[in-house]
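What follows is a short report on a single structure.
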Amino acid sequence: MRKLCTEELFTPRRLAELRAVREEKARELARAVSSSSEAKVRGGESGSPLLPVAVARAVFPAVAGVLWRTWTTWPRRASSIGDVVREAVVVAGTPNVSDYFPAVAAADVLGVRRRMEKLVAWTYGVNDRQIDLRRHGRAAGEPRRNDLLDAALDMEGQVDGTEGWVMNQEAMRGMFMDLLVAGSGSTTSTIEWAMAELLLHPRCMTKELRRVIGARPHVAESDISNLTYLQAVVKETLRLHPTVPIGLNKAEATVEVHGYRIPEGTTVYVNIWAICRRAKVWGDDAEERFVVGRDDGVGFLGNCFELIPFGAGRRICLGLPLAERMLHLMLGSLLHRFDCAVEDDGIDMAERFGLVLSMATPLRAVAKEVVSN
């Protein structure tokens, strides 16, 4: 499956073809926030009035638009995908006694398995609908949409000799579910963290955006390479609040690490959060740590082991190429269109650990639009 994603689904060429989808969703996000002149920007809980709903509803179609361009044919309840994604992330990261005591696994004491089965069934149903619609369309001679679903269907029936899996409907529905849940949830959470950090440490971000973008109402992906400070903010946000705080790996052979013997097949928990905050490596926090000329080429693409918010090696996040583009574009769009200020009660930066690292208390701020349509 990884081979398919890296060689077919998330290639630079294919992502470039879908740039217009991502830019349109970023514009939709800005329009949602600007729907109120004194909008309450808030993240996290489903009852929040704007940011979490707007971001989740913009991030999800952007991810879905890369997977398949027919996402608008989903049933009406797909509008609540933000709630489904958030619940799936919480459930997947919930400690389950059955994982540690197999003897009681069948009892599902905490109900974690039942909750996840309901979420999986809902998401699988949506995925199956898209796959079936595309199959019927292809059989009827409809033109190709050249999205990831077309690529997956082109490979249907093929067997991966390395991993031993077959590209069939079961493989496609599982792959798309992983990409939808992980891509939507992690992107929304990271944008919220970045907004919170910037509200606590206001610097020259607005000045840089106005210089590069000018009077244009929207940020384009082609602008990102010129937004040095925006790139630095994303890196520092991912360092302080890595998307996945704990990585899971399995030892493929018996090895010894610092005097500890790790038998083959052992599940190894990698504390990514601690690695990204290791004082010996990073020293004191600095707001402009990653500005060009000061970061020594450190990046989060998996080749710098001091900064691995998306993991590294064979277990690196499959959707990293997509997440990298969406994070910069959506965060830049919000910062360019709005001036935000902290409410009187301030910002609680406490973390809630889970499958995705999120804010324990939803972010609250006041957003005022500064660029008109």
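The values are calculated or read from the model by the stated rules, or taken from the named source; none is laboratory data. Please read all numbers here as calculations on a predicted model, not as lab measurements. Methodologically, a virtual Cβ is constructed for each residue, glycine included, from the backbone with ideal geometry; neighbour enumeration extends over all protein chains shown.
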* Structure fact -> Among M205, M172, M167, the single one that is among the hydrophobic types (A, V, I, L, M, F, W, C), within 30 Å of D132 (Cβ to Cβ) and at pLDDT below 85 is M167
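Hey, among T228, T254, T190, T206, which residue is of a type in the set (V, I, T) and either buried (at least 18 other Cβ atoms within 10 Å of the Cβ) or in contact with a Cys (Cβ under 7 Å, 6 or more places away or on another chain) (or both)? Walk me through how you get there before you give the answer.
Details: T228 fails: either buried (at least 18 other Cβ atoms within 10 Å of the Cβ) or in contact with a Cys (Cβ under 7 Å, 6 or more places away or on another chain) (or both); T254 fails: either buried (at least 18 other Cβ atoms within 10 Å of the Cβ) or in contact with a Cys (Cβ under 7 Å, 6 or more places away or on another chain) (or both); T206 fails: either buried (at least 18 other Cβ atoms within 10 Å of the Cβ) or in contact with a Cys (Cβ under 7 Å, 6 or more places away or on another chain) (or both).
From the options T228, T254, T190, T206, the qualifying one is T190.
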* M195 fails exactly one of the following numbered conditions: (1) over 26 Å from N303 (Cβ atoms); (2) at pLDDT below 85. What is the number of that condition? -> (2)
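Please go through the stretch 135-151 and give me each residue that is touching a Ser or Thr at 6+ places or on another chain (Cβ under 9 Å) and either part of a helix (DSSP H, G or I) or farther than 26 Å from A20 by Cβ (or both), ordered by number.
Keep residues of the stretch 135-151 that are touching a Ser or Thr at 6+ places or on another chain (Cβ under 9 Å), which gives 137, 145, 147, 149.
Residues satisfying the conditions are G137, L149.
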* Looking at (1) surrounded by 14 or more Cβ atoms within 10 Å (Cβ to Cβ); (2) modelled with pLDDT of 70 or more, which is the only condition A20 fails? -> (1)
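Results for (1) exposed (fewer than 11 other Cβ atoms within 10 Å of the Cβ); (2) not small (G, A, S), shown as yes or no for each residue.
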| position | (1), (2) |
| --- | --- |
| I224 | no, yes |
| H258 | yes, yes |
| E264 | yes, yes |
| W273 | no, yes |
| W282 | no, yes |
| G297 | yes, no |
| F300 | no, yes |
| F305 | yes, yes |
| R314 | yes, yes |
* Structure fact -> The residue from E28, E7 that alone is at pLDDT below 80 and farther than 18 Å from L180 by Cβ is E7
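Take residues that are under 21 Å from the mean Cα position of the chain (by Cα) and modelled with pLDDT of 85 or more and tell me which of the helices (runs of 4 or more DSSP H) falling wholly in the stretch 262-373 contain 3 or more.
Details: elements: 272-276, 279-282, 320-337.
Those helices (runs of 4 or more DSSP H) span 272-276, 320-337.
In this structure, is A64 of a type outside the set (D, E), at pLDDT 70 or above and over 21 Å from L322 (Cα atoms)? It would help to see each step written out before you state the result.
Values: of a type outside the set (D, E): yes; at pLDDT 70 or above: yes; over 21 Å from L322 (Cα atoms): no.
In short, no.
Answer with yes or no whether R216 is within 27 Å of V63 (Cβ to Cβ), of a type outside the set (S, T, N, Q) and outside any helix (DSSP H, G or I). Steps first, please.
On the way: within 27 Å of V63 (Cβ to Cβ): yes; of a type outside the set (S, T, N, Q): yes; outside any helix (DSSP H, G or I): yes.
For R216, the condition - within 27 Å of V63 (Cβ to Cβ), of a type outside the set (S, T, N, Q) and outside any helix (DSSP H, G or I) - is met.
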* **Answer residue from the stretch 310-342, given it is of a type outside the set (G, A, S) and touching a strand residue (DSSP E or B) at 6+ places or on another chain (Cβ under 7 Å) and is nearest to R22 (Cα to Cα) among those** => R337
* Out of (1) small (G, A, S); (2) closer than 30 Å to S34 by Cβ; (3) touching an Asp or Glu at 6+ places or on another chain (Cβ under 7 Å); (4) free of Cβ contacts under 8 Å to residues at least 12 places away in the same chain, what's the single condition that is false for S222? -> (3)
* To do: Could you tell me which residue of the stretch 166-185 is nearest to L67 (Cα to Cα), considering only residues that are of a type outside the set (D, E) and surrounded by fewer than 16 Cβ atoms within 10 Å (Cβ to Cβ)?
  => N168
* To do: Using the structure shown, decide if V212 is over 25 Å from the mean Cα position of the chain (by Cα) and surrounded by 15 or more Cβ atoms within 10 Å (Cβ to Cβ).
  => yes
* Structure fact -> Checked the stretch 102-132 for anything closer than 17 Å to N168 by Cβ and either in contact (Cβ under 8 Å) with a residue 60 or more places away in the chain or polar (S, T, N, Q) (or both); matches are N127, Q130
* To do: Go through the stretch 231-244 and give me each residue that's in a loop (DSSP other than H, G, I, E, B) and surrounded by 22 or more Cβ atoms within 10 Å (Cβ to Cβ).
  => H241, P242, T243
* Which listed residue, of D83, D132, D99, is modelled with pLDDT of 80 or more and not in a loop (DSSP other than H, G, I, E, B) -> D132
* **Flag if N249 is under 25 Å from L357 (Cβ atoms), at pLDDT below 90 and either out of contact with any helix residue (DSSP H, G or I) (no Cβ under 8 Å at 6 or more places or on another chain) or hydroxyl-bearing (S, T, Y) (or both)** => no
* Asked: Residues of the stretch 225-277 being touching an Asp or Glu at 6+ places or on another chain (Cβ under 6 Å) and more than 30 Å from R211 (Cα to Cα), which ones?
  -> A251, A253, T254
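Every residue, every condition in (1) at pLDDT 85 or above; (2) surrounded by 16 or more Cβ atoms within 10 Å (Cβ to Cβ); (3) out of contact with any Cys (no Cβ under 7 Å at 6 or more places or on another chain); (4) of a type in the set (K, R), yes or no:
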residue	(1), (2), (3), (4)
A106	no, no, yes, no
V109	no, no, yes, no
N127	no, yes, yes, no
A139	yes, no, yes, no
R145	no, no, yes, yes
* To do: Any residue in the stretch 230-255 that's farther than 30 Å from L329 by Cα: show its pairings with residues that are hydroxyl-bearing (S, T, Y) and part of a loop (DSSP other than H, G, I, E, B) at Cβ separation under 9 Å, as long as the two are six or more apart or on different chains.
  => K250/T266; A251/T266; T254/T266
